[in-house]
Each structure stands twice: as structure tokens, then as C-alpha cells.
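Take a look at the structure below.
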Amino acid sequence: MRIEESRLPPDKPPKNDSFGRIPFTFLLLALIFLLAYESLRPPVPKPASAPAQEFSAERAREVLNHLVGDGVPHPTGSAHDEVVRGRVMDEFTRIGYAPEVETGFACDEYGDCATVKNVIARLDGSARGAAVLLAAHYDSVPAGPGAFDDGAGAATVLEIARAYKSLPTPKNSIIFLIDDGEETGLLGARVFVDQHPWAKEVRVAVNVDNRGTSGPSLMYETGDANAWATRLYTEHASRPATNSILYFAYKHLPADTDFTVFKAAGYQGVNFAAIDDAVEYHTPLDDFGNANSATLQHHGDNALTSVRTFAETEIANPPKGAAAYFDLFERWTISWPARAGLRIALGSAFLLLLEIAWLVYKKNLSIRGWAWGCFSWVLTLFAVGALASILQFALRKLGAEPVNWAAHSLPLQIAFWSLAISVVCFVAQRCAARAGATGLWAGVWTCWAAAGILLALRAPSVSYIFQVATVVAAVAALGFVFRSNGSLPRPGLASILPLLAVAAVGFGTVLLLYPGFGNPGLPVISFVVAFLLTPMAPLCADRRQAPGLPRVALPGLAMALTLGAAFLAVVAPAFSAKSPEHVNFEYFQDSDSGKSQWVVYPASGRLPEPIQLATNAIRQSGGPFPWIPEVTFVANAPHLDLPPPTFTILESSESQGNRQYRALLRSERGAPRAAVFFPPDSGVETVRVEGQPVPPESATLRSELNGWYAYLCETMPAKGTEVTFTLPAGKSVQVYAEDTSFTLPLEGMFLLKSRPLTATPYGDGDRTIVVRHVELLP
């Protein structure tokens with residue numbers, strides 16, 4: 001039977017109180033937003049007088065101050081790295097352990113190699129066999145002291161080790177690992193896993209690391225016994241901050257921690273990190289003064305609870321399997337097996353379709369109105385995606401987003417949240433004339449149900465929001481769908497209740513998107529907010545019948561807020577002393593040509609004015625080397641005649657169409673890092689550094705170096721490092737030998753003085769690099 005829309009009873013003009021639904025709904029959404037925001041604040045730090053068996057952030061801060069309070073960077077192999085390692089040893093000894101130092105050499109798939117020195121201590125359990133590993137790293141990048149990355153992790157391990165001296169003997173042994181070389185390729189973790197005899201006992205690892213200096217301690221990664229690990233964590237954590245979307249997203253990001261190595265070794269467990277104030281990460285601002293005590297407390301509570309739980313649990317053969325899970329305001333957690341997500345999605349979709357079919361049967365909904373409701377949902381998301389991309393393009397052109405994180409990010413976030421609200425309301429009101437409130441409701445939940453089934457099939461750990469939403473929507477709709485008084489139903493509570501459920505489950509995750517991804521994630525924030533708010537569309541249908549200004553007030557005010565916030569984002573300073581731009585200086589010397597240059601690497605691609613005045617540097621599309629793709633600024637520098645590195649062929653032989661080489665890479669000026677670079681067409685294979693095989697580089701990794709192959713020794717000994725490799729026989733190859741020291745020569749002091757307070761070194765920081773070419777003849 002074909003049902004004509006004209007035969008439907010017309011929507012009655014809404015009563016005056018129906019206009020109150022929107023303000024009331026927005027008030028409830030605002031309260032949920034505030035709850036989500038407040039729940040992301042870490043717990044209050046416990047004082048040093050807290051019971052000995054508890055974790056105290058104030059006690060941990062005393063340890064942290066001892067480790068890195070002097071503010072000196074300590075990259076792997078540096079003299080101060082040895083100082084910090086000695087302090088870690090002292091702390092273990094002070095609290096009653098007998099720590100040992102494990103020394104080893106390792107390489108990663110990026111070609112980074114180093115000699116690392118791990119600090120390890122052990123607490124034997126009452127049972128023999130499986131052990132729990134609690135891990136963090138103590139090395140920093142050359143640019144910063146690493147108070148939170150990962151001095152806070154090291155202090156957390158030490159405070160938990162101290163607490164265990166006041167706790168009963170655990171069932172499973174606990175191994176405390178504070179490793180070296182994480183920043184140079186997770187090398188300390190690799191050495192422990194591959195070389196230490198205790199590594200064979202480990203079944204579960206708890207890792208603490210950071211990519212910021214504040215915020216909640218997020219449990220964002222587990223091993224493949226995902227459901228088992230998350231259940232144990234969420235059942236015992238006092239403030240669980242986690243969801244399976246974080247786990248899914250992290251697995252698809254080009255980022256690693258020591259837990260990556262532990263997972264590859266077959267360990268189960270959990271990984272914790274804080275991500276707020278990411279602009280301070282890997283800079284001098286990652287110092288003791290910026291180390292957040294509340295975040296440290298949250299780390300300690302999470303890690304101590306996890307270790308205690310795993311230490312008393314049978315961990316020899318944990319059951320494999322994934323879960324969908326999420327916390328509600330860091331107070332409660334809900335989870336179910338990931339494989340059950342499809343059944344939940346199909347069941348709620350079936351009930352929703354039955355309800356929609358009943359509305360059609362009772363002539364309260366037309367097929368055309370239903371189709372318009374679906375079109376409205378699709379149009380909303382398409383429009384938000386397009387407008388958010390346009391807005392971001394405009395803001396970038398106007399200079400509001402020169403780097404990943406803005407100094408004043410609030411206007412940017414308000415602009416993209418408001419844009420989503422404006423588009424949702426505007427499209428709903430425009431489509432309401434053809435779909436009606438009931439058609440909008442049916443269209444929204446048809447699309448949500450379809451998307452939920454698709455995600456349950458393709459990405460079950462992400463689909464929990466859809467399953468929560470469609471279940472609540474299907475149950476809440478029973479009242480209005482089967483109303484018996486014969487009047488045309490209006491989906492009031494049937495829209496409000498699932499909307500509130502979606503907000504409660506999703507707002508906290510959206511609030512983590514900007515700390516996690518920064519400005520590049522702003523269009524995604526708009527899209528996700530719009531997605532979460534699409535259940536509001538039926539409520540907006542009433543507004544189309546409102547007279548004049550009230551009809552356009554909601555989308556108009558939201559759009560005005562978008563434009564006003566965007567204007568503030570444009571006029572606000574892009575950088576500040578608290579949120580500076582990353583700007584590195586480099587002295588570069590080509591020993592073959594005699595050419596020397598000052599090279600500046602501004603993250604924004606624009607040279608700060610004081611540096612421009614001091615150098616008169618010229619912009620160029622790449623760095624001084626063919627493997628550096630980013631924008632740089634160069635200026636002539638005095639030639640200092642620094643001794644170039646050497647790459648000496650010790651032995652070569654030919655076999656089966658290949659020539660094998662044994663060479664010695666050495667820094668003649670005693671630089672801590674040296675490297676050899678092979679061109680993209682060299683055909684280099686089977687590389688070993690100090691006898692350690694270097695894993696083959698993926699195409700993705702090589703693309704970061706414009707196709708070049710790089711092999712680095714981060715801890716260059718005075719005698720040099722032996723490198724073996726093969727090249728195609730009969731082929732001449734020109735390689736680059738390079739060495740790096742993490743300071744500028746005295747002649748570069750004027751550069752340091754020109755760096756404004758709104759700029760800071762980052763990562764490797766300021767460097768002196770000397771390079772020479774070496775021809776490998778067939």
C-alpha cells in the first residue's frame with residue numbers, strides 16, 4: 001500500500017511549552033558537558049603523610065625533584081644520563097631494594113642504535129613462575145629535562161616500589177624496570193625483553209609514559225587479552241579513565257612507547273599516559289615546575305591498583321579477546337565482549353525498524369517523510385564536514401593555526417563546537433517541512449542503526465556509542481510509537497533521552513580530541529559533535545513553525561558564536577611564553593665543499609621576527625640534506641673547520657651478485673651521535689650495527705626521509721661503531737657520513753639570544769652537524 005504524505009494528519013502547531021524543550025535539553029546537555037569536563041580533572045594529590053601502603057603524589061614529587069629537579073636534559077649516552085641513572089639506583093637502594101644495571105646494544109626499524117643501561121629491581125612473590133612488570137623510562141630528549149616524559153613515570157615506579165615494602169608479599173613476583181633509550185627507539189625495552197633472564201617470567205606489563213604534562217591518566221592500550229585486562233583494571237580502579245575508542249585510535253597512530261615492545265613479546269597488561277599541555281612535551285618546559293601533581297597522583301593510583309590486581313591474579317595464560325568499554329565520568333565503567341556488539345546492534349536496529357514500520361502502518365509517518373529524515377541526517381554530516389574544512393582553511397590562511405596547538409585554543413574549540421550545533425539545527429529546521437518531527441526521528445535512528453551495524457562489523461571497539469544510543473532510542477520510543485489516543489505523536493522524550501545518553505557517553509571522548517590531535521583535529525571535532533547531536537533534529541522541527549526571530553534564533557546564535565570565536569582566534573597571539581613555537585637552530589658544515597650555514601627550523605614555517613633580524617635567513621623548501629623535507633631558513637655561517645666524521649671500509653668481498661662491506665663509522669670530534677645515509681636507489685641490504693641486525697625499514701618510514709636509508713648510533717664510542725651491509729655488485733654508491741652534537745658553537749650565541757620567549761627548542765634541540773661524502777666504489 002502506498003501512503004501519501006498528504007493523507008497524514010498535519011503537524012499541529014506546537015504548544016507554548018513545546019518551545020521549552022530546546023532550552024531544557026540544552027541545559028541538560030550543558031550539565032553533562034560540565035560533568036564530562038570536570039571528570040577529566042585528575043584526583044587531588046595525597047600528602048606525604050598518607051598511609052605508607054598508598055601512593056602519595058607529594059612523596060613521588062620529592063623523588064621526581066631528586067631525579068630531574070636540576071632541569072638538565074639527559075639523553076641516552078650523555079654524561080647527565082649517567083647522573084640520573086645513579087639517582088634512580090640511589091632511590092631503589094634507599095627504599096630497600098638491590099637494583100642492578102643491565103647494559104646492552106639494540107637497533108630499531110628506524111635505523112636508530114644505541115648502548116643502553118637499564119635499572120632493574122625485583123620483589124619476589126610467594127608463588128614461582130609468572131611475574132608482573134612495572135615499567136617507565138628515565139632518559140630524555142636532548143632539548144628538555146623530561147620531568148614528565150618520563151621522569152614522572154620513573155617516580156611513579158619508585159613510589160609504588162616503596163609502597164610495596166608496606167604491603168603483604170604478592171602472589172606473583174614484581175619486576176621494576178626503569179629503562180634507558182626509550183626516546184632513541186624503545187631500545188631499553190628491547191634489550192630487557194631480548195637479553196634479560198627475568199624477561200621470560202613476565203606475563204603482564206604495566207607501563208607509564210606521557211605525551212604531555214597534565215590531564216587524566218588515560219588507560220589507552222592493552223595487549224591482545226584486551227577484555228581480560230580492561231575488566232581487571234576497571235573493576236579495581238578508583239578513577240578509571242578509559243574507553244575502547246582510545247585503544248582503537250592509538251593502534252592506528254604512528255606512535256609507540258615501551259609497551260609496543262612488551263606487546264610484541266607477548267606480554268599482556270595496560271599502558272597509561274597523560275596528554276594535556278602537549279606543547280610542553282619534548283621541550284625545556286617539560287621541567288619539574290610544570291609537572292602536574294594531580295596527574296602524578298592519578299598515574300600512581302592507576303598503576304598501583306593495576307600492579308596489585310595483576311600480582312594477585314592468575315596471569316600465566318590469560319584469555320584472549322577484545323571488549324567494547326567506556327567510563328562514565330570516571331566513576332563507573334560499562335563493557336561487553338566486542339563480538340556481542342553486532343548482536344546488540346542488530347537487536348536494537350530490529351526494534352527500531354519495527355517501531356518505524358508501526359508508525360507507517362498507523363499513517364503517522366510516510367515513506368517520503370522517512371526518506372527526508374534520512375537525507376537530513378546525511379546532509380547534516382556532509383555540511384558540517386565541508387563547512388568545518390572551509391573554516392579551518394580560512395583560519396590557517398589568516399594565521400590562527402600556524403602550528404598543531406594554539407596558545408589560546410578555547411576560541412578555536414568554541415568555533416568548531418558551535419558550527420556543529422548551528423548546522424544540526426539549521427538542517428533539521430529546513431528539512432522539517434518535508435519530513436516532520438516524526439520523519440526526522442525515524443531518519444536519524446535509521447541511520448544510527450545502520451552505522452552501528454557497520455561499525456560493529458568493521459570496528460567493534462568503536463561502535464559502543466552507537467549501541468548505547470540505539471538501545472536507549474528503541475526503548476524510549478515505545479511510549480510515543482504505541483500511543484493509543486489517536487493523535488499524531490511527537491518524539492519528545494524519545495529524542496531527549498537517547499540524546500542525553502549519547503552526550504554522557506561521548507562528550508568526554510570529544511574533549512580529549514583537541515589535547516590528542518590539536519588543530520588538525522578541529523574539523524573532526526565538529527563532525528563528531530554534529531554526529532552526537534543529530535538526535536536533537538526532531539526537537540528542532542517545532543522551531544520551523546515559530547514566528548520570525550525565534551525560528552532562526554538557535555542556528556543563528558550558534559553561527560554568530562562560531563564567527564565571533566573564529567575572529568578571536570585570529571586576533572589572539574599564536575604563541576606565548578607558556579605555549580611557545582618550536583624553533584630549533586643548527587650549525588651545518590659540509591666538509592667536502594667547505595660550506596657552512598646556520599639553519600633554522602620553525603614549526604610554523606615562518607621565521608620569528610627577532611631571528612629574521614639577527615640572521616637575515618632565506619627560506620628554502622628543504623633542509624641542507626636531501627633527506628630533510630621540511631621548510632627551513634638558512635644563512636651563511638663562518639667556517640669552523642670541525643673534523644669531519646669518517647666512514648672507513650675495513651673489508652669488502654663479492655658473492656652472488658652482491659658486495660659485502662665491513663666499515664667503521666667514527667666521529668673524529670667526539671660527537672655523541674653519528675650516522676651514515678644511503679641514497680634511495682642504493683639497494684643497501686642486511687645492515688648490522690655492532691653485529692646487531694637492523695630491522696628492514698617500511699616504505700612509510702623511508703618516505704619520512706625522502707626515500708633515504710639512515711643508520712644511526714646514538715651513543716657513539718670513541719673507537720667508532722662497526723657497520724656491515726651489502727650493495728649490488730658493480731655499483732658505485734655515494735653515502736653521507738654525519739655526526740651530531742647537541743649544542744651550538746660559541747659563534748652561534750647570537751642565535752640563542754635572538755630566540756624570543758615565545759619560541760623554544762624541541763626534540764633534538766639546537767645542534768651542530770658535520771657531514772662528508774664517501775664514495776663506495778664497486
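Counting only residues that are small (Gly, Ala, Ser) and surrounded by fewer than 21 Cβ atoms within 10 Å (Cβ to Cβ), which one in the range 672-687 is nearest to Phe625 (Cα to Cα)?
To start, the set of residues in the range 672-687 that are small (Gly, Ala, Ser) comprises 674-675, 682-683.
Cutting the leftovers down to surrounded by fewer than 21 Cβ atoms within 10 Å (Cβ to Cβ) gives us 682-683.
Working: Ser682: 17, Gly683: 20 Å.
The selected residue is Ser682.
Name the residue that is nearest to Glu586 (Cα to Cα), counting only residues in the range 621-637 that are open to solvent by 60 Å² or more (accessible area, probe 1.4 Å) and touching a strand residue (DSSP E or B) at 6+ places or on another chain (Cβ under 9 Å).
Among those residues, the one meeting the criterion is Asn636.
The conditions are (1) within 31 Å of the chain's Cα centre (by Cα); (2) under 24 Å from Ser596 (Cα atoms), and Thr700 fails exactly one of them. Which is it?
With (1) within 31 Å of the chain's Cα centre (by Cα); (2) under 24 Å from Ser596 (Cα atoms) applied to Thr700, the lone miss is (2).
Can you find even one residue in the range 53-69 that is charged (D, E, K, R), under 30 Å from Val723 (Cα atoms), touching a helix residue (DSSP H, G or I) at 6+ places or on another chain (Cβ under 7 Å) and buried (at least 16 other Cβ atoms within 10 Å of the Cβ)?
Taking the range 53-69 first, the residues charged (D, E, K, R) are 54, 58-59, 61-62.
Restricting the remaining residues to those that are under 30 Å from Val723 (Cα atoms) gives none.
No; the residues of the range 53-69 include none that is charged (D, E, K, R), under 30 Å from Val723 (Cα atoms), touching a helix residue (DSSP H, G or I) at 6+ places or on another chain (Cβ under 7 Å) and buried (at least 16 other Cβ atoms within 10 Å of the Cβ).
Working only within the range 608-619, note down all residues that are closer than 23 Å to Glu401 by Cβ and open to solvent by 30 Å² or more (accessible area, probe 1.4 Å).
Glu609, Pro610, Gln612, Arg619
A quick yes/no check of all residues on (1) basic (Lys, Arg); (2) without any contact (Cβ under 8 Å) to a residue 60 or more places away in the chain; (3) over 30 Å from Gly86 (Cα atoms):
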{"site": "Ala154", "(1), (2), (3)": "no, no, no"}
{"site": "Ile160", "(1), (2), (3)": "no, no, no"}
{"site": "Leu167", "(1), (2), (3)": "no, no, no"}
{"site": "Gly181", "(1), (2), (3)": "no, no, no"}
{"site": "Ala199", "(1), (2), (3)": "no, no, no"}
{"site": "Arg203", "(1), (2), (3)": "yes, no, no"}
{"site": "Asn207", "(1), (2), (3)": "no, no, no"}
{"site": "Asn226", "(1), (2), (3)": "no, no, yes"}
{"site": "Thr242", "(1), (2), (3)": "no, no, yes"}
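From the list Ser698, Ser703, Ser732, exactly one residue is touching a Leu at 6+ places or on another chain (Cβ under 8 Å), over 22 Å from Val770 (Cα atoms), at pLDDT below 95 and surrounded by fewer than 19 Cβ atoms within 10 Å (Cβ to Cβ). Which is it?
Only one candidate passes the filter, namely Ser732.
Any residue in the range 15-41 that's closer than 16 Å to Pro216 by Cα and at pLDDT 85 or above: show its pairings with residues that are surrounded by 15 or more Cβ atoms within 10 Å (Cβ to Cβ) and of a type in the set (Phe, Trp, Tyr) at Cβ separation under 6 Å, as long as the two are six or more apart or on different chains.
Matching pairs, first to second residue: Leu35/Phe329; Ala36/Phe507; Ser39/Phe329.
Hey, can you tell me all the residues within the range 524-554 that are out of contact with any Lys or Arg (no Cβ under 9 Å at 6 or more places or on another chain), at pLDDT 75 or above and open to solvent by less than 20 Å² (accessible area, probe 1.4 Å)?
Step one: of the range 524-554, the residues out of contact with any Lys or Arg (no Cβ under 9 Å at 6 or more places or on another chain) are 524-537, 540, 546-549.
Those still in the list that are at pLDDT 75 or above too: 524-537, 540.
Those that are out of contact with any Lys or Arg (no Cβ under 9 Å at 6 or more places or on another chain), at pLDDT 75 or above and open to solvent by less than 20 Å² (accessible area, probe 1.4 Å): Ile525, Ser526, Val529, Ala530, Leu532, Leu533, Thr534, Pro535, Met536, Ala537, Cys540.
What pairs come up if the first residue lies in the range 71-100 and is on the phi > 0 side of the Ramachandran plot, the second is in a loop (DSSP other than H, G, I, E, B) and surrounded by fewer than 14 Cβ atoms within 10 Å (Cβ to Cβ), and their beta carbons are under 9 Å apart, counting only those six or more places apart or on different chains?
Gly96/Lys165
Scan the range 286-309 and give yes if some residue there is open to solvent by 60 Å² or more (accessible area, probe 1.4 Å), farther than 19 Å from Ala449 by Cβ and at pLDDT below 95, otherwise no.
no
Applying the selection to the range 580-593, what residues are polar (S, T, N, Q) and either open to solvent by less than 10 Å² (accessible area, probe 1.4 Å) or outside any loop (DSSP other than H, G, I, E, B) (or both)?
Hits for the range 580-593 are Asn584, Gln589.
Just need a number here: residues in the range 34-52 that are open to solvent by 20 Å² or more (accessible area, probe 1.4 Å) and among the hydroxyl-bearing types (Ser, Thr, Tyr).
Residues in the range 34-52 being open to solvent by 20 Å² or more (accessible area, probe 1.4 Å) and among the hydroxyl-bearing types (Ser, Thr, Tyr): 2 in total.
Of the numbered conditions (1) more than 21 Å from Ile769 (Cβ to Cβ); (2) not in a strand (DSSP E or B), Ile628 fails exactly one; give the number of that condition.
Only one criterion is unmet by Ile628, namely (1).
Would you confirm whether any residue within the range 327-344 is among the hydroxyl-bearing types (Ser, Thr, Tyr) and crowded, with 24+ Cβ neighbours inside 10 Å?
no
Restricting attention to the range 88-100, report how many residues are open to solvent by less than 50 Å² (accessible area, probe 1.4 Å) and charged (D, E, K, R).
Count: 1.
State which residue is nearest to the chain's Cα centre (by Cα) when the search covers only the range 631-662 and only residues that are assigned to a loop (DSSP other than H, G, I, E, B) and of a type in the set (Gly, Ala, Ser).
Residues of the range 631-662 assigned to a loop (DSSP other than H, G, I, E, B): 631, 637-645, 656-657.
Right, trim to of a type in the set (Gly, Ala, Ser) and you get 637, 657.
Working: Ala637: 38, Gly657: 45 Å.
In this case the residue turns out to be Ala637.
Among the residues of the range 227-276, which ones are open to solvent by 20 Å² or more (accessible area, probe 1.4 Å), out of contact with any His (no Cβ under 7 Å at 6 or more places or on another chain) and not in a helix (DSSP H, G or I)?
Across the range 227-276, the qualifying residues are Ser238, His252, Leu253, Pro254, Ala255, Asp256, Ala265, Gly266, Ile275, Asp276.
Could you say whether any residue in the range 501-520 is over 30 Å from Thr213 (Cβ atoms) and assigned to a helix (DSSP H, G or I)?
yes
Can you tell me which residue among Glu685, Glu690 is within 29 Å of Gly104 (Cβ to Cβ) and modelled with pLDDT under 95?
That would be Glu685, the only listed residue that is within 29 Å of Gly104 (Cβ to Cβ) and modelled with pLDDT under 95.
Could you please let me know if Ala572 is surrounded by fewer than 21 Cβ atoms within 10 Å (Cβ to Cβ), within 24 Å of the chain's Cα centre (by Cα) and farther than 22 Å from His639 by Cβ?
Criteria not met by Ala572.
Out of (1) open to solvent by 20 Å² or more (accessible area, probe 1.4 Å); (2) at pLDDT 95 or above; (3) polar (S, T, N, Q), what's the single condition that is false for Ser596?
Condition not satisfied by Ser596: (1).
Just checking, how many residues over the range 105-138 are open to solvent by less than 10 Å² (accessible area, probe 1.4 Å) and either free of Cβ contacts under 8 Å to residues at least 24 places away in the same chain or closer than 20 Å to Val83 by Cα (or both)?
Residues flagged as open to solvent by less than 10 Å² (accessible area, probe 1.4 Å) and either free of Cβ contacts under 8 Å to residues at least 24 places away in the same chain or closer than 20 Å to Val83 by Cα (or both) within the range 105-138 amount to 10.
Does any residue in the range 462-486 that is at pLDDT 85 or above come within less than 6 Å, Cβ to Cβ, of a residue that is of a type in the set (S, T, N, Q) and surrounded by 22 or more Cβ atoms within 10 Å (Cβ to Cβ) six or more places away or on a different chain, and which pairs are these?
Going by the 6 Å Cβ cut-off, the qualifying pairs are Thr470/Ser348; Val471/Ser348; Ala474/Ser348.
The values are calculated or read from the model by the stated rules, or taken from the named source; none is laboratory data. Note that this is a predicted model, so its numbers are computed, not measured. Note that we place each Cβ from the backbone using ideal geometry, even for glycine, and neighbour counts take in every protein chain shown. For the accessible areas, the whole protein counts, side chains as well, though only heavy atoms, and no ligand, DNA or RNA atoms are used. Shrake-Rupley method; radii C 1.70, N 1.55, O 1.52, S 1.80 Å.
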